[in-house]
Ligand code: SF4
């Protein structure tokens, strides 16, 4: 009987894409995916140490699997991802029903490691450095992509920065860029299969290629090269680091038609004192200069950011500076976080400077109000405009509407009374209403049908 696997993923897009790679590797091993815990022969937990609650959710899900083991069922439990890399074999000691712990650097070896567990018993293999044979082009092309019309492409793993609150450099290692030619080949093959939108993933995409060339980064060249791939209509990327956003990248964004008018530029704090403590490598003034340069070069650019409230040592004055920068930056949206210490980071050791939780909660609400006001203003300003949408499917929140995303990444719900718009199609819509987190519009015209091959769903509804 064909063995089945289930993958549970926590955390960021990098983990989502690693799970797509894992699914490809397990399929190549002859296994089939399932969404039912009770019928899986192999369950893979792809964990996170960064996102709030990811570890709590992981342990809760592990509990369900334990019951299967108690009933004597044959299921192999593997734990990978950032938490596995950080904790290694300690997970085997803590959780008796975990069979395999593998790190962020040996995803490619998972099928082989599963065979080893079956032959030798429980195992933790968490190397410090990437497997030189791992993550190659053929593996990227066997990844089981969630969507047939939009795909992630990992261009780099790891990070060379040392932000005080972040565990990524410890668990993902230093920056390792994939070869330029492999990335272009991957995008070309994806386009041949009907993918029209690619999102480039890296912890610091701006420094892509620095390790390959030993000199300047290649990110701007990469954007231009991918912009030449026939069939790729949209290119997005995440995340760039403000200190490495170079004029060449801004020029490549402005001059490459396929690059979307969207920039995620994480500020984190508006206080230079806190930015220094965070080891971010830029000042608020520098951030605003780069933001202004990007907006001047790229018309109709949507900018989003990340902000941390209550970093150790943050005072009311520091926070007031963050509010001032927020007012000036007028982001399209912001992901706001309350500081939470990650074990093993410099910030986690700054215990004597931790902020009063009540004061932080109050600051958080104030910041949310400011950034949400600016989201609303920027979305309302789009009313009356004609937008091109990539259709993503029926709206999840608005009955009988269809949803799509603009080049700026904005979610638009449109009524399409007589037209069935399939996911992956491109259409235009006139914006009729702007809310904080979405827009409403009326359908105008189908520009292009989906290019990918459609298959009949085998899932019972
Ligand atoms: S740039 Fe900073 S926050 Fe981002 S992954 Fe690297 S160390 Fe972490």
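The values are calculated or read from the model by the stated rules, or taken from the named source; none is laboratory data. This structure is a prediction, so every number in the text was calculated from the model and none was measured. For neighbour counting, all protein chains shown are included, and Cβ atoms are generated from backbone atoms with ideal geometry for every residue, glycine included.
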### Query
Just checking, how many residues over the range 160-174 are closer than 17 Å to residue 106 by Cα, surrounded by 20 or more Cβ atoms within 10 Å (Cβ to Cβ) and near the ligand (Cβ under 9 Å from one of its atoms)?
2
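Quick check, is residue 291 in contact with a strand residue (DSSP E or B) (Cβ under 7 Å, 6 or more places away or on another chain) and not in a helix (DSSP H, G or I)? I'd like the intermediate steps shown before the answer.
Numbers: in contact with a strand residue (DSSP E or B) (Cβ under 7 Å, 6 or more places away or on another chain): yes; not in a helix (DSSP H, G or I): no.
Spelling it out, it is not the case that residue 291 is in contact with a strand residue (DSSP E or B) (Cβ under 7 Å, 6 or more places away or on another chain) and not in a helix (DSSP H, G or I).
Quick check on residue 210: is it more than 16 Å from the ligand (Cβ to nearest atom) and in contact with a strand residue (DSSP E or B) (Cβ under 8 Å, 6 or more places away or on another chain)?
Working: more than 16 Å from the ligand (Cβ to nearest atom): no; in contact with a strand residue (DSSP E or B) (Cβ under 8 Å, 6 or more places away or on another chain): yes.
Considered against the rule, which asks whether it is more than 16 Å from the ligand (Cβ to nearest atom) and in contact with a strand residue (DSSP E or B) (Cβ under 8 Å, 6 or more places away or on another chain), residue 210 comes out as no.
Would you check if residue 306 is away from the ligand (no atom under 16 Å from the Cβ) and assigned by TED's automatic domain parsing to the domain that holds residue 159?
Values: away from the ligand (no atom under 16 Å from the Cβ): no; assigned by TED's automatic domain parsing to the domain that holds residue 159: yes.
Spelling it out, it is not the case that residue 306 is away from the ligand (no atom under 16 Å from the Cβ) and assigned by TED's automatic domain parsing to the domain that holds residue 159.
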### Query
Scanning for something under 23 Å from the mean Cα position of the chain (by Cα) and over 30 Å from residue 277 (Cα atoms), does the range 364-373 turn up at least one residue?
no
### the range 280-293 residues that are in the same structural domain as residue 269 (by TED's automatic domain parsing), paired with ones that are within 15 Å of the ligand (Cβ to nearest atom) and not in a helix (DSSP H, G or I) (beta carbon under 7 Å, 6 or more apart)
280/163; 280/268; 287/267; 290/245; 291/265
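Quick grid of which residues meet (1) free of Cβ contacts under 8 Å to residues at least 40 places away in the same chain; (2) crowded, with 21+ Cβ neighbours inside 10 Å; (3) more than 14 Å from the ligand (Cβ to nearest atom):
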{"residue": "183", "(1), (2), (3)": "no, yes, yes"}
{"residue": "193", "(1), (2), (3)": "no, no, yes"}
{"residue": "214", "(1), (2), (3)": "yes, no, yes"}
{"residue": "247", "(1), (2), (3)": "no, no, yes"}
### Task
Answer yes or no as to whether residue 262 is within 29 Å of residue 324 (Cα to Cα), away from the ligand (no atom under 16 Å from the Cβ), surrounded by 20 or more Cβ atoms within 10 Å (Cβ to Cβ) and within 21 Å of the chain's Cα centre (by Cα).
yes
#### Entry: Every residue from the range 213-243 that is within 16 Å of residue 262 (Cα to Cα) and at pLDDT below 95
238, 239, 240, 241
### Message
Restricting to the range 185-208, give me the number of residues that are under 25 Å from residue 12 (Cβ atoms) and in a loop (DSSP other than H, G, I, E, B).
### Response
7
## Note on the structure
residue 143 passes all but one of the listed conditions (1) at pLDDT 95 or above; (2) in contact with a helix residue (DSSP H, G or I) (Cβ under 6 Å, 6 or more places away or on another chain); (3) more than 16 Å from the ligand (Cβ to nearest atom); the exception is number (1)
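Can you report the number of residues in the range 33-56 which are at pLDDT 80 or above and either part of a helix (DSSP H, G or I) or over 19 Å from residue 110 (Cβ atoms) (or both)?
The qualifying residues number 6.
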